[in-house]
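Student: Below: one structure in structure tokens.
A short reminder: the numbers here are calculations on the coordinates, not readings from a lab. Please read these numbers as outputs of a predicted model, since none were measured by experiment. In this analysis, Cβ positions are derived from the backbone assuming ideal geometry, glycine residues included, and neighbour counts consider all displayed protein chains.
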Amino acid sequence: MTDINARAGRNIPLALTVGFSLLGLVIASLSWNRMFFAILVSIAMIPAVWELSRAFALKSILIDPYTSAIASVSIVMSSWFWGLSGLAIAAGISIPVLLVIRLRSGVTSFVQDVTATLFTLLYLPIPAGFAILLAHPDNGRARVMAFIAAVALSDTGGLIAGVLFGKHRIAPTISPKKSLEGVVGSLVLAIGGAGTLYMIWLDRPFWQGAVLAVVTVITATCGDLIESALKRDLGVKDMGALLPGHGGILDRLDSLLLTAPFAYILISHFVGL
């Protein structure tokens, strides 16, 4: 087990325990009242913004975590109450407001700081808003679970295949543990598992779930690589330590965030708005 943990770069039993606990919390929020899922995602934005602001600060890049967190929560909750229009309007209002607020600190590093602030919105609440849009229809619970299952199975398949067979690195300077064999494992498990669950939960053809799975493997892998590149550039191993076995909130959300807009587009096209 020690060798497996070393090759995976994490404590596998601990990571699984935390992962299943988070999944249970998501399922509970979706089953009780889907608005609680929106609230749960909104709450997750707060430590995520804080983690990103602390990482930026290591390179003397400053964003206001308080106003950025308020903007992030506003964007996510607007997505729930007013749909795609709410997401767009809240984001459109938040951007100039945050730029004006930054003016209080003067012109030194202005471009650098506002660029990081805008990146924060683009990286966190805006894609998270698409996960909320998935939850809004009457069958929103099934839509969100299909999306999460595709990401979870992609990550799991990649981890297992990468640990057991990984030899050919796809981006060694960004993520040394990410391998071609892991991507194949992601495809196999995501297509088989997520395609089947999609068919059962949404009562749609298997091939639609398979398409969702393939796109998810691409976006989830890219999401993981993007966060790895971000961490390497900022000089941090993990974005935080809030989730034992995973790191910070961002270390758990990276694949989900980049996948959410694509999942929303595909599921809405296949199932309807």
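Student: Under the rule of at least 5 residues apart or a separate chain, name every residue whose amide H is placed under 5 Å from the amide H of residue 179.
Tutor: 170
Student: Considering only 196, 124, 210, whose Cα is most displaced toward the positive end of the charge dipole of the chain, charges sitting on Cβ of Lys, Arg (+1) and Asp, Glu (-1)?
Tutor: Sorting the options by dipole projection puts first 124.
Student: Follow-up. Label-point separation (nm) for residue 138 and residue 59, each offset 7 Å from Cα along Cα-to-Cβ?
Tutor: About 4.8 nm, to one decimal.
Student: Pop out the ³J(HN,Hα) list for the range 169-175 in order, Karplus 6.51 cos²θ - 1.76 cosθ + 1.60 with θ = phi - 60°, rounded to Hz; leave Gly and Pro as x.
Tutor: 6, 8, 8, x, 7, 9, 9
Student: Further question: Which of the peptides 59-66, 158-165 is most tightly packed, and how do the rest follow, judged by the mean count of other Cβ atoms within 10 Å per residue?
Tutor: 158-165, 59-66
Student: Could I ask something else about it? Mind sorting 122, 40 by how few other Cβ atoms lie within 10 Å of their own Cβ, fewest first?
Tutor: 122, 40
Student: In debye, nearest 20, what is the charge dipole magnitude of the range 139-273 about its Cα centre with +1 on Lys and Arg Cβ and -1 on Asp and Glu Cβ, if you could check?
Tutor: Roughly 100 debye, rounded to the nearest 20.
Student: Let me ask you something else. What dipole magnitude, in Debye to the nearest 20, does the range 33-136 give about its Cα centre under +1 on Lys/Arg Cβ and -1 on Asp/Glu Cβ?
Tutor: 20
Student: Another question about this same structure. Please compute the Kirkwood hydrodynamic radius of the range 32-81 from all pairs of different C-alpha atoms, in Å with one decimal.
Tutor: Averaging 1/r across every pair of different Cα atoms and inverting gives 11.5 Å.
Student: Less than 16 Å apart at the alpha-carbon level, and either on another chain or at least 8 residues along: which lysines does that give for residue 231?
Tutor: 59, 177, 178
Student: Kirkwood hydrodynamic radius, the range 108-168, all distinct C-alpha pairs: what's the number in Å?
Tutor: For the range 108-168, the Kirkwood estimate is 14.6 Å.
Student: Working out 0.36 nm times the residue gap between residue 265 and residue 66, then minus their Cα-Cα distance, what length gain in nm do you get to one decimal?
Tutor: Between residue 265 and residue 66, full extension yields an extra 68.5 nm.
Student: How would the range 118-215 be classified by its alpha-carbon gyration tensor: rounded, prolate or oblate, with rounded meaning a/c under 1.5 and the a/b versus b/c comparison settling the rest?
Tutor: Judged from the Cα gyration tensor, the range 118-215 comes out oblate (a/c at least 1.5, b/c at or above a/b).
Student: Taking 1 over the mean of 1/r across every pair of different Cα atoms in the range 139-273, what Kirkwood radius in Å do you get?
Tutor: 15.1
Student: In debye to the nearest 20, how big a dipole does the chain give about its Cα centre with +1 on each Lys and Arg Cβ and -1 on each Asp and Glu Cβ?
Tutor: About 240 debye.
Student: A further question on this structure: Scattering from the C-alpha atoms of the chain alone, worked out with Debye: what is log10 I(q)/I(0) at q = 0.08, 0.11, 0.15, 0.17 1/Å?
Tutor: With one equal scatterer per Cα and no solvent, log10 I(q)/I(0) is -0.33, -0.62, -1.14, -1.40.
Student: Which of the peptides 114-121, 46-53 is most tightly packed, and how do the rest follow, judged by the mean count of other Cβ atoms within 10 Å per residue?
Tutor: Going from most to least packed, we get 46-53, 114-121.
Student: Further question: Normalising by the residue count of the range 139-273, find the relative contact order in percent from Cα pairs under 8 Å and 6+ residues apart.
Tutor: 23
Student: Place a label point 7 angstrom from the Cα of residue 233 along the Cα-to-Cβ direction, then list the residues of the range 52-90 whose backbone nitrogen is under 16 Å away.
Tutor: Within reach of a label on residue 233, which here means backbone N under 16 Å from a point 7 Å along Cα→Cβ, the range 52-90 contributes 52-63.
Student: A follow-up question, please. Along the Cα→Cβ direction, 7 angstrom out, place labels at residue 93 and residue 40. What is the inter-label distance in nm?
Tutor: Placing both labels 7 Å beyond Cα along the Cβ direction yields 2.7 nm.
Student: Using the Cα gyration tensor of the range 33-136, with a ≥ b ≥ c the square roots of its eigenvalues, what is the shape: rounded (a/c below 1.5), prolate (a/b larger than b/c) or oblate (neither)?
Tutor: Prolate.
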